[in-house]
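Asks: If you scroll down you'll find the structure; I have some questions about it.
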Amino acid sequence: MNILLTGGLGYIGSHVAVVLTEAGHRVTILDNLCNCKVEVLSHLAKILGSSPIFIQGDVRDQVLLESVLKDGKIEAVMHFAGLKAVGESVQKPLMYYNNNVGGAISLLKAMKICQVKTFVFSSSATVYGVPKYLPIDEEHPTCPESPYGQTKLHIESILRDLANSDDAWNIIALRYFNPVGAHESGLIGEEPNDIPNNLVPYISHVATGKFDKLKIFGNDYKTLDGTGVRDYIHVMDLAEGHVAALNYLNKKLPKFSIINLGTGAGYSVLELVNLYEKVSSRKITYEISGRRAGDIASCFANVDKAAFLMGWRARRSLHEMLEDSWRWVSQNMTIEL
Ligand SMILES: NC(=O)c1ccc[n+]([C@@H]2O[C@H](COP(=O)([O-])OP(=O)(O)OC[C@H]3O[C@@H](n4cnc5c(N)ncnc54)[C@H](O)[C@@H]3O)[C@@H](O)[C@H]2O)c1
């Protein structure tokens with residue numbers, strides 16, 4: 001199939017580009033480069049033998065999108081383009097609503113005009129808010145705690161309404177838990193522009209020497225070792241989940257589905273730190289500080305729906321996630337010795 005990946009030069013989109021191309025699809029990437037480097041394209045070419053088609057542009061440019069959809073004979077769209085920093089979204093909510101919700105609307109309008117009605121959306125487990133029970137299934141109530149999370153939930157509502165309005169739409173919103181790791185080549189991976197918001201990129205940079213130490217917020221939670229527990233998923237498993245989603249959409253059964261992508265297992269911050277020390281053979285210095293407001297003890301997914309509907313389950317271990325993360329970081333960053 002001819003597939004458009006918006007935000008396809010970013011962390012998750014670039015891994016999905018690899019898996020889709022290897023599965024025989026023709027990938028076109030549209031990205032405005034606001035949170036990625038154009039060099040990712042040449043790294044994709046090294047992995048794949050040739051580069052995906054790339055268009056530099058903004059997802060809010062409906063006229064451009066219409067021509068991309070028509071010229072590329074696009075049959076399905078995977079929508080990764082979006083801003084994703086929770087803290088920044090609290091400071092700049094309008095920027096987040098404009099980019100994320102505004103971007104989704106102009107993309108969907110262009111798709112409707114061009115009669116492209118197969119759509120996979122990058123949603124997030126953040127829409128659930130504080131867990132009321134574990135593991136979190138797709139029926140769990142939603143209560144996002146940040147403007148970022150709200151943008152994801154708004155877009156899901158738009159998608160549900162759209163699917164209800166016209167049977168020709170086939171839509172899946174994938175609620176990602178915590179993607180980590182990198183492609184096994186070490187050529188693509190997560191490269192935050194600023195100080196990383198997520199745990200694994202931060203630990204990686206303590207390992208490289210870029211940061212002195214990791215701050216662990218709270219070690220008095222009701223978990224095995226007192227530190228917070230989360231569901232980490234290898235980005236290549238996540239990428240394979242998108243191929244499974246596409247295959248499921250092609251059966252034209254559902255009009256709109258919401259599906260968790262996680263492993264169903266939780267790991268604590270200290271477990272990650274200890275394992276990262278092993279895979280990198282470097283000391284991860286950390287200090288324990290007080291709990292952060294809004295943080296929760298544990299969060300992990302119920303992944304039965306993905307297995308039941310799409311025949312997909314994550315298969316890579318935490319060890320592989322951290323090993324691949326370290327390979328990517330150590331091959332691509334300057335390491336302080
Ligand atoms: N990484 C995570 O932990 C995580 C978790 C849950 C959900 N998500 C969602 O998955 C998607 C991809 O996340 P990621 O980690 O790859 O982020 P990323 O920032 O690495 O990738 C997003 C890409 O979209 C591009 N982009 C942003 N706004 C754009 C616009 N208006 N027009 C065109 N391109 C634009 C950026 O340049 C970037 O390359 C996002 O929507 C994010 O909210 C990510």
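Asks: Taking segment 234-262 as the search range and keeping residues that are in contact (Cβ under 8 Å) with a residue 40 or more places away in the chain and open to solvent by 40 Å² or more (accessible area, probe 1.4 Å), which one is nearest to F121 (Cα to Cα)?
Replies: F256
Asks: Regarding segment 3-13, can at least one residue be identified that is closer than 15 Å to V243 by Cβ, assigned to a loop (DSSP other than H, G, I, E, B), within 11 Å of the ligand (Cβ to nearest atom) and at pLDDT 95 or above?
Replies: For segment 3-13, residues closer than 15 Å to V243 by Cβ, assigned to a loop (DSSP other than H, G, I, E, B), within 11 Å of the ligand (Cβ to nearest atom) and at pLDDT 95 or above: present.
Asks: While we're looking at this one, here's another question. Go through (1) within 16 Å of the ligand (Cβ to nearest atom); (2) closer than 27 Å to C299 by Cα; (3) open to solvent by 60 Å² or more (accessible area, probe 1.4 Å) one by one and return the number of the condition N98 breaks.
Replies: (2)
Asks: In the set E88, E66, which member is in a helix (DSSP H, G or I), among the acidic types (D, E) and within 22 Å of G149 (Cβ to Cβ)? Can you show your working first?
Replies: Values: E66 fails: within 22 Å of G149 (Cβ to Cβ).
Being in a helix (DSSP H, G or I), among the acidic types (D, E) and within 22 Å of G149 (Cβ to Cβ) holds for just one of E88, E66, which is E88.
Asks: OK, next. Within the set of pairs 6+ apart or on separate chains, which have a first residue in segment 75-96 that is over 23 Å from L30 (Cβ atoms) and at pLDDT below 95, a second that is within 10 Å of the ligand (Cβ to nearest atom) and part of a loop (DSSP other than H, G, I, E, B), and C-beta atoms under 7 Å apart?
Replies: If the second residue must be within 10 Å of the ligand (Cβ to nearest atom) and part of a loop (DSSP other than H, G, I, E, B), the pairs left are V86/N197; G87/N197.
Asks: Let me ask another. Consider segment 103-120. How many of its residues are out of contact with any Ser or Thr (no Cβ under 7 Å at 6 or more places or on another chain) and either part of a helix (DSSP H, G or I) or at pLDDT below 95 (or both)?
Replies: Here the count works out to 10.
Asks: Related question: Of all residues in segment 65-89, count the ones that are within 18 Å of the chain's Cα centre (by Cα) and surrounded by 14 or more Cβ atoms within 10 Å (Cβ to Cβ).
Replies: 12
Asks: For H43, all conditions in the list (1) in contact (Cβ under 8 Å) with a residue 60 or more places away in the chain; (2) not in a helix (DSSP H, G or I) hold save one; what is the number of the exception?
Replies: Every condition holds for H43 apart from (2).
Asks: Another question, then. Among residues belonging to segment 178-197 that are among the polar types (S, T, N, Q) and within 13 Å of the ligand (Cβ to nearest atom), point out the one that is most open to solvent (accessible area, probe 1.4 Å).
Replies: Ranking the qualifying residues of segment 178-197, first place goes to N197.
Asks: When you look at A85, is it away from the ligand (no atom under 12 Å from the Cβ) and over 20 Å from N247 (Cα atoms), yes or no?
Replies: Here the answer is no, as A85 does not meet what is asked.
Asks: For segment 295-324, give me each residue that is in contact with a Gly (Cβ under 8 Å, 6 or more places away or on another chain) and closer than 17 Å to L270 by Cβ.
Replies: Correct list: D295, I296, A297, S298, C299, F300, M321, L322.
Asks: Here is a follow-up. Of the residues K152, K92, which is open to solvent by 10 Å² or more (accessible area, probe 1.4 Å) and over 30 Å from D212 (Cα atoms)?
Replies: K152
Asks: Looking only at segment 270-301, which residues are among the polar types (S, T, N, Q) and within 26 Å of E320 (Cβ to Cβ)?
Replies: Scanning segment 270-301 gives N274, S280, S281, T285, S298.
The values are calculated or read from the model by the stated rules, or taken from the named source; none is laboratory data. From a predicted model like this one, the values you see are computed outputs, not experimental measurements. For neighbour counting, all protein chains shown are included, and Cβ atoms are generated from backbone atoms with ideal geometry for every residue, glycine included. Only protein heavy atoms, including side chains, enter the accessible area calculation; ligands, DNA and RNA are left aside. Shrake-Rupley method; radii C 1.70, N 1.55, O 1.52, S 1.80 Å.
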